Amino acid sequence: MTSTTLSTPRSYDIIGFGDEVPGVLALVSAAREYRRRTGKNPKTLLMFKGNSLDGIGGHLVRGKLAYLDRSSIPIDIRQSLSLPTFGDPCAIYQEFLQRAGVSQIALDSSKADAALRFMLSDVGADIISRVEIKSVTKSGAKLAGIHLTRGETYLAKQFIDSTVNAELAQAAGVKKLRGFETFGLPESELPVTLVFETEGLSIQQLKDAELAYLKRLVNPNDSEAQRFLMIAAGSNAKLAEQFRKDLLTSSGHLKTLYVGQDHIDVYSRALSIAYHAFRGKRLYLKDSGAILDQGNIAILPNGKLSWNALLFFTTGSQAEALAKGAAKPTPPMLEEFKFIERWFKSLGATAVKPALELYIRHAGNISDTVEPLSGATMLEGGVSASEALGTFGYHLDVRGGIEGLGLKAREKGITSITFHTPPLFNIGIQHALVRSVPNLAVISPASGFDGYACAAGRIVEFNVGVGQGVGIAAAIALLHNRNLATISNLEVRQVLTQTNQLSRIYGKGQYVEATRLAKFESSLGTPAIA
């Protein structure tokens, strides 16, 4: 694996733009399939905006998102098919998790970086970082080369874009819808997170702190704790009462956090309320600009805890700007973090450190893919079982909410905008293949997702499954001089079967909810992005 600095054009077979894990593993998958067929590695290049010295692996590595969202499968299906907890993920993801030492949920960023570097080195990939696109060259409809602002030019036959904002695709002239423009809300966007790690705060200290706050907040005679509730509720007594009730289960027990093998799930707002009282700010994302949400916490070695909890309000335009800015936190975000640091040290942490980059959940979606993927299609079970490449399950989670969606729905006479049934759907690659630039794939939350689909489609485990398939498709396209956009799910599936890599298929159509969601997505004026 080499670093490359050239002023004259250099030619590759495949270029991956962006180093998010699905894109890296797609590049590895492509190279392995090419090598299987020819006995030699293709010429592959990984280029990305971040600094490789800070690690390879996008928001999971430089963004330190250690708490992995895993596939969610109903227990009855797991039992009937004798599936493990997270089902049967695609082969290359299982390999990555094993190389990175993940037991269940928690990913150590340094081990992830090492695993990805090893896999890239094994296929002889070149790596360049800190790149900025100046322009691209096209040959007819196809993408031919990328010109960087620092004067270098890189040519290739196939391209894979794994950036959250489809930056290479945009440079190649592919239209991208901003924010939730598929719902007619271009400036509505999911919040971004600045992940942070605490040191010195033991799990027992955390449990004790939460329990103490829970007991105080549900005690109407604790005047100071009730004042905390009122601050978090923005002086709204009804909301404060709702917050108080939400600290208890339906049977009246305190909602204490859950400690798993390598992770912690926080079920109550107790810590959030306490932090917002400390800040003197309402626990409402748009009003306050930032909230400490209920944390997804990964348990890391040496007493470290990784927190996916600090959310920042973001518009569609801001998400695009943050992505273009290499996901660097803004000065106001770092200013908020100073308060996080002080508060967590008051709980017992000896150090509180922010990630180098933001976790940007979503930054719009490209149009003109071979077959766009909607939330309703996911609930219908995804692609047919006969052409499926794997199966993934995840709830339609729009953490932080979609600003304006409820209002728009009410204008259409729709009272509910929530869909609680998690899709369990079969994976294909057609929503990642670009018709208008037929040698380009976008494997990211910016793929051709329509409506609610990005809620599940933004998750790394799903996108790695897509990436494995796109990588195989890229190898087929290279070897047969075809356009990537012409490769079918079935052709990829045949390779997975031949190489004993095909995951088990267990997608389930949930047609009542799918029909309801299809009506919802269409009635909110979802533009056709086919």
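No lab work stands behind these numbers, since they all come straight from the coordinates. Quick caveat, the model's predicted, so the values are computed rather than measured. Cβ sites come from the backbone with ideal geometry, for glycine too, and all protein chains shown count toward neighbours.
Rounded if a/c is under 1.5, else prolate if a/b is larger than b/c, else oblate: which is the stretch 426-530, with a ≥ b ≥ c the root eigenvalues of its Cα gyration tensor?
oblate
Give me a comma-separated list of calculated 3J(HN,Hα) values for the stretch 440-456, in order, Karplus coefficients 6.51, -1.76, 1.60 applied at θ = phi - 60°, integers in Hz, x for any Gly or Pro.
Coupling constants for the stretch 440-456: 10, 10, 10, 10, 5, x, 8, 4, x, 8, 10, x, 7, 4, 5, 4, 8 Hz.
Can you give me the pair-distance distribution of the stretch 22-150, C-alpha pairs, 10 Å bins, whole percents?
11, 33, 32, 19, 6, 1
Along the Cα→Cβ direction, 7 angstrom out, place labels at Ala321 and His147. What is the inter-label distance in nm?
Placing both labels 7 Å beyond Cα along the Cβ direction yields 2.8 nm.
For the residues Lys519, Lys40, what sequence is obtained by ranking on other C-beta atoms within 10 Å, fewest first?
Fewest to most other Cβ atoms nearby, the residues stand as Lys40, Lys519.
Residue by residue through the stretch 431-438, what is 3J(HN,Hα) from phi via Karplus (6.51 cos²θ - 1.76 cosθ + 1.60, θ = phi - 60°)? Round to whole Hz and write x for glycine and proline.
6, 9, 9, 9, 5, 6, 10, x
Apply the Karplus parameterisation 6.51 cos²θ - 1.76 cosθ + 1.60, with θ equal to phi minus 60°, to every residue of the stretch 84-96 and state each ³J(HN,Hα) to the nearest whole Hz, in sequence, with x for glycine and proline.
x, 3, 9, x, 10, x, 4, 4, 6, 6, 4, 5, 4
Under a plain spin-label model, where a point goes 7 Å from the Cα along Cα-to-Cβ, how far apart in nm are Arg399 and Thr330?
Modelled inter-label distance: 2.0 nm.
Label the stretch 192-360 by shape, choosing from rounded, prolate and oblate, from the square roots a ≥ b ≥ c of the eigenvalues of the Cα gyration tensor; if a/c is under 1.5 it is rounded, and otherwise prolate applies when a/b is larger than b/c, oblate when it is not.
In terms of gyration-tensor shape, oblate.
I need two numbers for the stretch 161-285: Rg to one decimal and Dmax as a whole number, Cα atoms only, in Å.
According to the Cα coordinates of the stretch 161-285, Rg and Dmax are 19.7, 63 Å.
According to a simple spin-label model (label point 7 Å from Cα along Cα-to-Cβ), what is the distance in nm between Thr38 and Glu95?
1.8 nm
Taking R0 as 22 Å, what's the FRET efficiency between Asn481 and Asp122 from their Cβ-Cβ distance, rounded to 0.05?
0.25
Can you match Cα extents along the principal axes in Å to one of these, [x] 73, 61, 45; [y] 75, 49, 44; [z] 86, 62, 48, based on a calculation from the structure here?
It is the value labelled [y].
Would you calculate a helix-derived [θ] at 222 nm for the chain, using -39,500 (n - 2.57) for each DSSP H run of n ≥ 4 and dividing by the full residue count, to the nearest 500?
-10500 deg cm²/dmol
Given a Förster distance of 41 Å, report the FRET efficiency between Asn221 and Gln104 from their Cβ-Cβ distance, rounded to the nearest 0.05.
Calculated transfer efficiency: 0.50.
How much length would be gained if the chain were fully extended between Ser436 and Thr421, taking 0.36 nm per residue of separation minus their Cα-Cα distance, in nm to one decimal?
2.0 nm
Kindly work out what percent of the DSSP beta bridges joining two residues of the chain are antiparallel, to the nearest 5.
Expressed as a percentage, antiparallel bridges in the chain total about 70.
Expressed in nm to one decimal, what extension gain is obtained for the pair Lys134 and Leu81 from 0.36 nm per residue of sequence separation less their Cα-Cα distance?
14.0 nm
Full extension from Arg504 to Leu407: what is 0.36 nm times the residue separation minus their Cα-Cα distance, to one decimal in nm?
That pair, Arg504 and Leu407, stretches by 30.8 nm at full extension.
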